[in-house]
Structure formats: structure tokens, C-alpha cells
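Reading through the C-alpha cells given below for one structure.
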Amino acid sequence: MSILRLLGILVVFLVWSVHACAQCPMQEATVFYVNGVDADIKSSEASRSKLEKELFVRFSLNPECVLVKRAYNASATLLPDLVEAAVQKTQEINTELSTFWKLYLRAFSASVGDALWFTAMVRTAYLGIDVTQFVIQEQLGRHMELYRSELAAGRQVILVPHSQGNLYANAAWNELTPDERKRVHIVSVATPSDMVADGGPYTTLAEDGAAQWFPFALPANAANGEPCPDPWYCHGFREWYLFGSNSRDRIVDRIVELLPQPSITGSIQGTLHMPDGSSVNQAVVWLYDSYGDFLDRFVVGPSGSFFFEGVDPCDCVLYAALGYWSTTHTVHVSAGQTTGVSVTLDHLAIPM
Amino acid sequence: MVMNRKIAVGGLLVVLLIFTGAVYASNARMVWLPERFAPDSLAPGESKEFSVTLQNKGPSTLVTEHLRISVSGDAAPLVSVDRRALPRKIKRGESVPITLMVKVPEDAPMSVVRGEVSLVRYEDEDKERGRENGSHKKKKSFFRNVLPIELTVSSIPLPPDPGEAGKRDLLGIDSNANGVRDDIERYIAFQFPDSEKRRAALSQYAQEEQVFLRDANDKEKTIANAHASKAQDCMYYVFGDIDVAETVRKKMVSEILNTPERSRVYAKADTFLGGQGFEGAPYGQEKTWCSFNVDVLAD
């Protein structure tokens, strides 16, 4: 009974696996959003969710094949320090503490409400960070576990770090083995660093004031062409980088380019018969595209079978001939699929 | 002779001091209980009676012959007082129940209506000056202690505004024990009076935040709570737009973290989560992360 049960489970697992593979025409991948210091746990989820939506809505990706997760990077003492500064400052200027949170979380931009004190406070805190050292090894270690877990499951990994998250992504990539590096890529956003570890693409907006605070950072290479309310707001991943169409397209397009590409060609599996239904022993099958251009030819074996692979999607035309017998047959070829055909030589004709 | 004059002046001063002191003390020591009248919300068209207490904590009996209970401010049209409730005398230490009758008009909008109940002394100027030109004048003086009123008019049942008392500790006041702080429950209702779904989604979020703050000093629980969090993605489904939902969420979070203690605890708890990996709701299945039946609630 237990053996039968085990066999049952095995069958179900195999069927499920085949089904899962069939669902994913490409190799599976996991995109990790790695937040910067300018976020709390909930803001990072908002960024992840927005990134996921942009990817799936624009590219019709299969959510069973491409996962979008986040590797959270807590800001160590930066947020607690900012809160302490905010408690003092809001008491000093007789403002509600909730005003600090609205600005910090970017519920609106700092220019609203004449809150220049806020941007000055954040700028001071940011400039107090040594960006080359601001990687907490314990957090980095956990991130490595997350990435390696995905790799072990056969998935490709794409890191999308924002702001200080870039330091974590670079450090993580540097710790990977050469084999692992082939399957891990970085799409950098608003980096304070002077490099992207895997040499991958980056996007830094000209209007992002915070990114400009770091003099050795990679220079701005894009602009959204819209007036920026304030530097802090325009450093935001969801609020500004995914909001402006230029930066959003750059980021999302780069991610999709790095996804394992699905098979873009199809194939034809066919059998050739004589008019009486018997197998064809010797014959040649030619393959033409819908414009009549020659693509390939196949000499059929004793069983009459033939096979064309690497065929671009088309409504192709098969032409088969044996002696004075010949035929033409139209076949629809789809990407990533094998089309089965049965072709019968049915009339006497003069070969082409 | 000089001595007698000094004694007379001194005596007069003492009497004057005692008199003014007694009046002052009497004025200062009429106390309302509770110190603030803020009942649960009342729906438009609803009438209800409430009992408050007026206590004489002064040094002497208070004669109420010329006293009236008056309601002022925006609440005046909604609140009336049973005048018969005021006895002729209120002895030292005595407490008198006063009934406030609140009647909300049918067409009253959702609002917070404020005012105050006070004890007022009316003196007939006619008696002092005699009738002049047939006019009848009264001058009034107020006792120092008043009863502030805050009425919430809402068709959505709401707890009273906890005011400053709601900011005294980390978790605030949750008088109806629904897992949402009273001030936040009111905030949500006033933000979205017409959308039951949005209120439900924000309430789910506020409940999670309350638990997050409650456990914020425990690293393991904080991590577990963060992984169990579902309300944010539910909000995205209900609002139908991440950016719109985020603006709403962040403004509410700013209200939740409205004290130094709450802000510090939240910031510290956030540091516990570094290095953790998180997944959101499976794409297209955000609705399943709502703790309520989205389809049956009115939008």
C-alpha cells in the first residue's frame, strides 16, 4: 500500500513537473529588488510590487516562471538616528512628528509645506555615511543565501538594487563563484557606487539630487524631463524612477533583456505517404517560407518520416516529390512548438 | 484711636479676602465628571441621553438660584440640558447628575462638533439699578471649569476621539477592542466615509501595524509579523492602483507613528528585518490576501 502511495505521489510529481515546464517556455528566473536606505519595510514592498506590475503588464510574463521578490536591506542606525533628529526638530519648530513621516515616506514631496528642514536633515544623515563601507555583513550573508537558494532551484537571478542596495548587490556578486556569476545579473538604479559589479546596465537620473551627493558615483545617464519637486523625492525608486517613462522603460527593458529568452523557432515533424497509404521509401521534402523563398530540404528515410528544426514561425510550404509523384502542403509553425503533419503524394506532376 | 482704625481696616481686608477667596474657591471647584464629554459617534437622526456629573469640590455650599447650565459652541444646537436637574443647593462634596440630551438632525453631515457645557451665573442688573426704560437686563459670569464637548456625527459607528490620552503609551486606546487604535479607526472612517472596502483594507493594515508595534521589541516576533503581513498587497487590490494606495497608506502610517515612542520603536523594529527575503502576494492573486470578503462590501 505504501509503495503504491509512493508511486502515486511520484506520478503526480512527474505530471506536475512536466506541466510546470510546459508553463515556462523559458528558463525560470527570480528578480530581486534590493532597497536602499531610503525605505522602510513597507516602502520596499511597494517598490517590489510596482516593479512586478510593470514587468508583467508590459511584457505579459508568466508569473509562474518569473518571480519578483525582495532582499530587504535595513538601514542599521540611519533610520533610528533620523527619527531622533526628527523628534528634536519637530519639537523645535512646533510641528507634528507625523509630518516627518509623511516626508520621509514620500507621501508627498518636501517642497510641500515648506519643509526644507527635512531635506537638509536627510542630506546631513546621508553624507554622514561612508558609502564604501556601508554593507552589513550579516545582512549580506542572508542575501547570499536567498540568491543561492534560487540558483539551486535552477532559476536565474536578476538583482535590481536601488541606491545603497547597490553596495549590497555589488558585494554579493563579488562573492559568487564563476559558475554562479553566469546566472546572476545586476540592473543598477541610482547607484552611489562608481561601478556595477557585473558590468551590467545602470540608470541614474539627472534630477536625482541624492545620487549626486556622492561625487564618485556613476554619472547620471538619463532624465525624465519633468521638473523634480525635490531631490529626496526624485531619488525614490517607485515614486520617481518607475514613475517617469524614460527611467521606467530603461529599467524594465534591461531586466527583460536579461531574462533567459524563450525558444523563438519551431519545428516540423512529418510523415510522407504514397497515394495508397504506404510509406515512402525514398523522397525529398523541400521547405519554403510563405514568400516562396527556400529554407531547407530533408531526404526522408525508409519510414517516410522527416523533421525540420529551427524554423522561424511562419505559414510555410512543404513540397515533396518522388519520381513523378509530388505534392505541396501548407504548415503553420509556431515559436517553441513542434507541428506534426502527414503528407500524401497525390498526383503526378512535373518537379519544380 | 489709631489702633482701632488699624483693626477696622485689617478686619475689613480679612473679610474682603475671605469673601473673594470663597467666591473664587467656589468658582474654581465646581468640577465636571468626566473632564471631557466625547461619547461614541451618533448617527444622523439619532437622539440619546447622557449623564454627566457636576461636583462641588469647593469649601462651601453652592446656592444655585441664579445659576444656569449653558451649552455653547457648534454643539449648542445639538445638545440641551434638563434644567430641573440642577437642585437649589449643592453641598460641599456633593455630586449632582446632569442629563445631556443630544439630538442629531437627519441631514447632519459626517463631522466632529465641538462646544462646551458651563455653569453660568445670571445677575439681574434690574435689581441693582432699578428698571430703566422698561428694559430687563441680565449679566452673566462663567464658572471657570467647563465641560468640553466633542460629538462625532457619523453613520459609521465610531469610538470617541481619545485625544491626548490616546498618545500616552505605545499602543494607545482601542476601546472597542477591534485591534485598531481609536484615533486611527476614526481617521480611516473620515478618509473614506463612502467606501466600505477601502475602510476594511485600511483597517486590516492598521491591525497589522498595531501587532507590529506591540511585538516590536522582540526580534523573532517582528520577523514573523513581517512575513505574515498581507494587508499591503490587499490594499493594492482594493485601491486598484499602487501609487494611489501608497499615498493613502503612507499618510495613515504617519498618523500611526505620531509620537516619539511609536516612531522610535518602529524604526528599531525595522532594523531587525535586515537581510530577510520577502515575497508579495502571487501576481494576480492579491485579492486573496484580504482578510475580508472583498466582493460583498460596498465600494
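The numbers here are math on the coordinates, done by the rules we state, and not lab data. All values derive from a computational prediction rather than experimental measurement. Don't worry about glycine lacking a Cβ; one is built from the backbone with ideal geometry, like all the others, and counts go over all protein chains shown.
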Between the range B:198-267 and the range B:275-299, the Cα center-to-center distance that results, in Å: 14
Taking only Cα atoms and a 10 Å spring cutoff, compute GNM fluctuations for chain A and point out the largest among A:H143, A:H185, A:H273. A:H273
Comparing A:A210, A:A85, A:A29 in a Gaussian network model of chain A (Cα, 10 Å), the one with the largest mean-square fluctuation is A:A85
At R0 = 51 Å, FRET efficiency that the Cβ-Cβ distance of B:R88 and B:D241 yields, to 0.05: 0.20
Which one of A:V31, B:Y266, A:L159 is farthest out on the positive end of the charge dipole of the protein assembly as shown, using unit charges on Cβ (Lys, Arg +1; Asp, Glu -1) and the Cα centre as origin? B:Y266
How big is D, in µm² s⁻¹, for the range A:203-298 by Stokes-Einstein at 4 °C and 1.567 mPa s if Rh is the Kirkwood radius over C-alpha pairs? 70
Out of the DSSP beta bridges found with both residues in the protein assembly as shown, what percent are antiparallel (nearest 5)? 70
Report the charge-dipole magnitude of the range A:248-289 in Debye, nearest 20, computed about the Cα centre from +1 at each Lys and Arg Cβ and -1 at each Asp and Glu Cβ. 240
Per the Cα gyration tensor, the protein assembly as shown corresponds to an equivalent ellipsoid with semi-axes, largest first in Å, of 77, 30, 21
Plugging the Kirkwood radius over Cα pairs into Stokes-Einstein for the range A:253-317, at a temperature of 37 °C and a viscosity of 0.692 mPa s, what D comes out in µm²/s? 237
Highest GNM mean-square fluctuation, chain A, Cα pairs closer than 10 Å: which of A:A335, A:A223, A:A86? A:A335
Fewest Cβ neighbours within 10 Å first, please rank A:H162, A:H329, B:H227 accordingly. B:H227, A:H329, A:H162
Please list, in order, the residues from the range A:311-328 whose amide nitrogen is less than 16 Å from a point placed 7 Å along the Cα→Cβ vector of A:S267. A:311-313
For the range B:140-234, one quarter of the surface area of the C-alpha convex hull, expressed in nm², comes to 8.5
Most exposed first by the Cβ proxy, i.e. fewest other Cβ within 10 Å, how do A:M144, B:M101 rank? B:M101, A:M144
Given chain A, report the % of alpha carbon pairs whose separation exceeds 38 Å. 41
Exposure proxy check: B:E35, A:E239 ranked by fewest other beta carbons within 10 Å? B:E35, A:E239
Contour minus Cα-Cα distance for A:A76 and A:Q282 (0.36 nm per residue): 66.7 nm
In the range B:249-299, if every C-alpha pair distance is counted and binned at 5 Å from zero, what percent goes to each bin? 4, 14, 13, 15, 20, 18, 11, 6
